[in-house]
Ligand code: APR
């Protein structure tokens with residue numbers, strides 16, 4: 001690791017040591033080292049597929065089989081992967097802060113849960129779950145293979161319980177995510193390009209840039225990513241490299257005396 005990264009790691013550990021509450025926002029990058037493709041890389045999911053076709057309500061109306069092919073392939077991929085040291089490092093962090101710690105994830109792969117994170121808000125849904133387009137029932141089906149076009153016991157077609165483009169986020173989960181971001185004293189932003197809203201708006205919220213919130217001190221934002229992103233200008237500390245290496249290093253540092 002470079003001297004610059006070592007210095008930033010030490011600053012990040014200091015910030016965390018005095019943090020009352022910690023909120024972590026994660027994106028596809030944290031699962032990249034597990035073997036889950038990200039979206040916006042040159043070989044990412046959105047290079048091979050059109051968002052409107054496979055991740056929008058209109059696409060599903062037009063061709064549900066195509067959409068289910070896409071999600072069944074993603075479910076099959078996730079069946080073969082495991083959490084990486086980055087996910088496990090966050091579980092170690094949670095053990096220090098307990099219910100004053102939360103992970104807000106845009107990922108639908110369930111790897112934070114498998115790693116043992118408890119205070120977890122999956123704001124974009126989960127590949128594990130289906131939702132009935134008729135009766136609305138949400139069911140956890142694990143990752144077992146589903147029929148090409150799965151149907152509910154009520155007869156209607158099932159859809160993945162994923163938040164698609166042009167859809168709103170589930171109220172309860174989103175409210176919990178906003179609360180965690182608004183209250184935190186340190187926010188870790190890990191492996192996200194920070195271009196998709198409202199998820200990315202949690203970062204200015206933590207920085208108290210909302211016009212109504214001048215009361216509390218701004219959170220310290222620590223970005224962990226391979227490269228600079230849309231979030232970098234808001235970050236106080238930048239840790240640039242693979243999160244599967246950076247996060248365990250950060251937690252190890254925290255475990256050492258200051
Ligand atoms: N460690 C850290 N960061 C990484 C790693 C890694 N090993 N590998 C890739 N990254 C970073 C990339 O540099 C990029 O900034 O992860 C980010 C992935 O960005 P996106 O592919 O845009 O994924 P994400 O930010 O999660 O996308 C947000 O967009 O398409 C929708 O609903 C989908 O939840 C998703 C949302």
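The values are calculated or read from the model by the stated rules, or taken from the named source; none is laboratory data. All values derive from a computational prediction rather than experimental measurement. Reconstructed Cβ throughout: ideal geometry from the backbone, glycine too, with neighbour counts over all protein chains shown.
Any residue that is in contact with a helix residue (DSSP H, G or I) (Cβ under 6 Å, 6 or more places away or on another chain), more than 16 Å from the ligand (Cβ to nearest atom), part of a helix (DSSP H, G or I) and farther than 27 Å from residue 41 by Cα - is there at least one of those in the stretch 211-229? The answer is no; no qualifying residue exists. Checking each residue in the stretch 121-147 for being assigned to a strand (DSSP E or B) and surrounded by fewer than 22 Cβ atoms within 10 Å (Cβ to Cβ) picks out 125, 126, 128, 129, 131, 132, 138, 139, 140. For the residues 28, 55, 32, the requirement of being within 11 Å of the ligand (Cβ to nearest atom), surrounded by fewer than 21 Cβ atoms within 10 Å (Cβ to Cβ) and within 22 Å of residue 194 (Cα to Cα) singles out 32. Residue 16: within 24 Å of residue 232 (Cβ to Cβ) and in a helix (DSSP H, G or I), yes or no? Yes: the conditions hold for residue 16. Restricting attention to the stretch 35-52, which residues are within 11 Å of the ligand (Cβ to nearest atom) and surrounded by 13 or more Cβ atoms within 10 Å (Cβ to Cβ)? Those that are within 11 Å of the ligand (Cβ to nearest atom) and surrounded by 13 or more Cβ atoms within 10 Å (Cβ to Cβ): 36, 37, 38, 39, 40, 41, 44, 45, 46, 49, 51. The set of residues from the stretch 32-45 being more than 17 Å from the chain's Cα centre (by Cα) and under 21 Å from residue 66 (Cβ atoms) comprises just one member, 43. Inspection of the stretch 91-104 finds no residue satisfying the criterion of being more than 13 Å from residue 24 (Cβ to Cβ) and either in contact with a helix residue (DSSP H, G or I) (Cβ under 9 Å, 6 or more places away or on another chain) or outside the structural domain of residue 223 (by TED's automatic domain parsing) (or both). Residue check: is residue 113 surrounded by 15 or more Cβ atoms within 10 Å (Cβ to Cβ), more than 14 Å from the ligand (Cβ to nearest atom) and not assigned by TED's automatic domain parsing to the domain that holds residue 24? Judged against the criteria, residue 113 is not a match. For the stretch 247-256, the criterion of being under 17 Å from the mean Cα position of the chain (by Cα) and modelled with pLDDT of 95 or more is met by at least one residue.
Can you name every residue in the stretch 154-190 that is in a loop (DSSP other than H, G, I, E, B) and either within 23 Å of residue 207 (Cα to Cα) or in contact with a helix residue (DSSP H, G or I) (Cβ under 7 Å, 6 or more places away or on another chain) (or both)? The answer is 164, 165, 166, 167, 169, 184, 185.
Condition (residue is touching a residue at least 12 places away in the same chain (Cβ under 8 Å), away from the ligand (no atom under 16 Å from the Cβ) and either surrounded by 13 or more Cβ atoms within 10 Å (Cβ to Cβ) or within 13 Å of the chain's Cα centre (by Cα) (or both)) applied to the stretch 157-171: is it met by at least one residue?
yes
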